[in-house]
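What follows is a single structure, written as structure tokens, with notes after it.
The values are calculated or read from the model by the stated rules, or taken from the named source; none is laboratory data. From a predicted model like this one, the values you see are computed outputs, not experimental measurements. Don't worry about glycine lacking a Cβ; one is built from the backbone with ideal geometry, like all the others, and counts go over all protein chains shown.
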Amino acid sequence: MRNFWLVPLVFGLVSPLAAQELADDPRASDLRRQIEERFTARVKEELALTDQQTTRMKSTVRDWFLKRRGMEDENRRLREAMAGQLRPGVAANKDSVAKLTDAMLELKVRYAQSFKDEIKEMSGYLDPVQRAQFMVLRERLIERVREVREQRDDSTSRFRRRQQP
Amino acid sequence: MPVPASPTPPDDADLVRAYQGGSEGAATELVRRHGAPVARFLVGLGADYADIDDLVQETFFRAFRRIAGWRGDAGFRSWIFTIASNALKDEHRRRKARRSVPLEDHDLPSRDNPESAFAVRETERRLVAALQTLPRLQREVFLLRAQQGIEYPEIATTLGTTAGAARVHFHHAVKRLKEMIA
Amino acid sequence: MTSCEEMLERMPAVALGEAQWTKEEALHLAGCVSCQAEWSLIQKAVAVGSQAPALDLEKTSAAVLGRLRAERRERRLRRAGLLTGLAAAAAVALVVWSRVPHHTQRTVPEAFRIPVAELDSLDNGELESVLQDLDAPLGAGTLNSTPGLGDLDDVQLERLLRSLEG
């Protein structure tokens with residue numbers, strides 16, 4: 001079976017500039033809001049959440065969202081630092097690169113673990129089938145996000161290859 | 001408000017509008033029209049015969065509570081079927097929470113159940129058991145198509161898929177069921 | 001010439017008595033073992049439905065309407081009770097309300113929205129693409145392109161969850 005814990009690991013790849021631009025773009029904010037609203041509506045319907053479950057889930061997802069956002073920020077800082085070390089024409093500091101690599105890998109593991117811990121927290125108020133349904137629904141959404149990111153990465157690579165002399 | 005008089009029997013949309021206008025007679029007519037198909041659908045999904053009455057009642061109760069949620073894009077009957085399916089799912093969940101039953105157990109009509117008033121032919125029982133092994137979407141597509149004769153576009157709207165995907169699900173379900181029941 | 005796939009598509013209507021086999025279809029069915037198996041299956045599906053207990057639908061609708069009326073009555077009583085309570089204990093109520101955190105005084109409850117941190121990494125075009133897939137029925141686009149997880153039934157989902165949670 002495909003190990004879908006690997007899926008969130010892909011999410012280290014955030015362009016710092018793009019993230020900053022997105023943070024300031026009202027259209028992007030509106031689109032994210034719409035996606036989250038529709039996803040939430042689907043979750044509520046599929047899981048047939050009671051009001052109490054909804055209240056508790058609200059708290060759980062908010063807390064873990066903030067933690068993962070913190071991890072995304074940390075990852076952006078690490079990637080910037082790594083990019084600084086790996087600039088063409090600049091001799092990389094091997095110790096720094098090794099430490100950054102370790103930190104990025106450790107972060108990826110923590111990121112993946114956060115999904116597991118979040119689902120475990122939900123066991124306090126969701127039954128096993130509801131938790132699995134939530135996992136499946138979110139997995140689908142994240143999978144789609146990963147696909148569009150890969151399409152962008154692919155087209156960026158092709159563009160760069162075309163630009164090379 | 002009485003059900004509006006018309007030369008031809010009111011369609012489901014007319015009845016829904018009349019119910020929303022306060023006509024309990026319209027609600028009664030909707031139950032009369034769709035109650036039996038809902039019961040058959042629930043049996044196909046594996047509901048206990050002993051629970052059918054309550055499940056049909058629960059289905060229509062939920063439906064009328066959120067009647068505004070039926071926008072007319074799918075047939076009223078198909079919409080009711082999804083409510084019935086969820087009602088059955090909730091009932092299974094409640095039973096699992098109340099007693100320790102291995103998850104592989106399903107509530108199937110039992111010929112040996114002394115409380116059951118209805119004889120179940122062995123071949124049909126095997127079909128219901130086989131249906132329980134299918135993924136939910138495939139099971140529901142198969143029942144909507146084979147048992148209820150609903151066309152793919154309506155199945156698609158009802159279950160939130162596409163007509164093409166519904167067709168594929170149906171053919172896959174037939175293939176698997178044929179292997180199990182042959 | 002009728003194909004087996006076309007035959008399967010016709011079977012539900014014929015089994016429900018809404019259509020009849022053409023001569024060509026009848027001939028095909030007589031000579032095709034696979035179609036005969038499928039025809040038998042479809043007939044059984046219709047037959048399963050026919051075994052359902054006869055319902056007293058008048059009684060069912062009366063029960064449903066009774067429950068709906070009771071629910072509406074309860075809501076009205078709750079609202080009336082609340083108003084009476086507030087009117088009778090106005091001074092106390094004012095003190096209570098003044099201590100309540102601001103956000104609970106809103107008349108519209110705060111909407112519950114599951115935040116998805118991964119969306120932060122997408123640009124507008126990509127976000128629109130994801131939104132379109134969410135709008136599309138399940139099964140369209142790529143949101144359902146990975147078979148397996150989406151097709152798992154309750155038992156399989158439970159097993160997956162157990163294996164992941166340990």
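What the table below lists for this structure:
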read-out: Search result, residues across the range A:1-53 that are at pLDDT 50 or above and either outside any helix (DSSP H, G or I) or over 23 Å from C:Leu131 (Cβ atoms) (or both); value: A:Asp25, A:Ala48, A:Leu49, A:Thr50, A:Asp51, A:Gln52, A:Gln53
read-out: Only one of B:Leu88, B:Leu143 that is farther than 24 Å from C:Leu134 by Cα, within 11 Å of chain C (Cβ to nearest Cβ) and modelled with pLDDT of 90 or more; value: B:Leu143
read-out: Residue pairs meeting the criteria (Cβ under 7 Å; at least 6 apart or on separate chains; first within 14 Å of C:Leu55 (Cβ to Cβ) and within 12 Å of chain C (Cβ to nearest Cβ), in the range B:14-39; second crowded, with 21+ Cβ neighbours inside 10 Å and at pLDDT below 90); value: B:Ala39/C:Ala52
read-out: Matching option when the condition is aliphatic (A, V, I, L, M), surrounded by fewer than 21 Cβ atoms within 10 Å (Cβ to Cβ) and free of Cβ contacts under 8 Å to residues at least 24 places away in the same chain, among B:Ala130, B:Ala156, B:Ala163; value: B:Ala163
read-out: Helices (runs of 4 or more DSSP H) within the range C:1-50 that include 1 or more residues within 13 Å of another protein chain (Cβ to nearest Cβ) and surrounded by fewer than 12 Cβ atoms within 10 Å (Cβ to Cβ); value: C:4-15, C:33-50
read-out: Among the residues listed as A:Gly89, A:Gly84, the single one being surrounded by fewer than 17 Cβ atoms within 10 Å (Cβ to Cβ) and not in a helix (DSSP H, G or I); value: A:Gly89
read-out: Index of the failed condition, A:Thr101 passing every other in (1) out of contact with any Asp or Glu (no Cβ under 6 Å at 6 or more places or on another chain); (2) surrounded by fewer than 17 Cβ atoms within 10 Å (Cβ to Cβ); (3) modelled with pLDDT under 85; value: (3)
read-out: A:Met122 vs. criteria touching a helix residue (DSSP H, G or I) at 6+ places or on another chain (Cβ under 8 Å), at pLDDT 90 or above and either under 26 Å from B:Pro135 (Cβ atoms) or buried (at least 17 other Cβ atoms within 10 Å of the Cβ) (or both); value: yes
read-out: Flag if A:Ala92 is of a type in the set (Gly, Ala, Ser) and at pLDDT below 90; value: yes
read-out: Some residue of the range B:48-62 being basic (Lys, Arg) and closer than 24 Å to C:Arg69 by Cβ; value: yes
read-out: Residue match in the range B:71-83 (condition: more than 11 Å from chain C (Cβ to nearest Cβ), of a type in the set (Lys, Arg) and closer than 21 Å to C:Leu68 by Cβ); value: yes
read-out: Selection from the range B:146-182 of residues that are at pLDDT 90 or above, facing chain C (nearest Cβ under 7 Å) and outside any helix (DSSP H, G or I); value: B:Gly149
read-out: Every residue from the range C:1-44 that is more than 27 Å from B:Val128 (Cα to Cα) and charged (D, E, K, R); value: C:Lys23, C:Glu24, C:Glu25
read-out: Hits in the range A:84-137 (condition: free of Cβ contacts under 8 Å to residues at least 12 places away in the same chain, within 22 Å of C:Glu118 (Cα to Cα) and within 13 Å of chain C (Cβ to nearest Cβ)); value: A:Gln113, A:Lys120, A:Ala132, A:Val136
